[in-house]
1. Can you tell which of VAL69, VAL4 is modelled with pLDDT of 75 or more, among the hydrophobic types (A, V, I, L, M, F, W, C) and exposed (fewer than 10 other Cβ atoms within 10 Å of the Cβ)?
2. Could you tell me whether any residue of the range 43-66 is loosely packed, with under 11 Cβ neighbours inside 10 Å and under 30 Å from MET88 (Cβ atoms)?
Amino acid sequence: MDLVLLFFIFVLAAFLGLELIAKVPSQLHTPLMSGSNAISGITIVGALIATGASEGGSIGMVLGFLALVFATINVVGGYLVTDRMLQMFKKKGK
């Protein structure tokens, strides 16, 4: 693909993502966060496959490992934020 086309797709995806996230009400944030964590879990599986099947040499292995690290950080951080938001709705014991 042409580099300009790839850049256009990236900018369009970033703009659409920003517009969608800005319009989500706070009541729907926790369920959507859980759904995005599941998608990031699929990303971890894909990064493991890319790391293990890197026929491109060390560059493919490094990129697969970086994808694995970033997807893991995203999943763990998402679950921590979701857990913290759910703690806000629990009744405090006396």
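The values are calculated or read from the model by the stated rules, or taken from the named source; none is laboratory data. Predicted, not measured: the structure shown is a model, and the values here were computed from it. All Cβ positions, glycine included, derive from the backbone under ideal geometry; neighbour counts span all protein chains shown.
1. Being modelled with pLDDT of 75 or more, among the hydrophobic types (A, V, I, L, M, F, W, C) and exposed (fewer than 10 other Cβ atoms within 10 Å of the Cβ) holds for just one of VAL69, VAL4, which is VAL4.
2. no
Yes/no per residue for (1) more than 17 Å from the chain's Cα centre (by Cα); (2) under 28 Å from ASP83 (Cα atoms):
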residue	(1), (2)
LEU5	yes, no
LEU20	no, yes
GLN27	yes, yes
LEU32	no, yes
SER36	no, yes
ILE39	no, yes
LEU48	no, yes
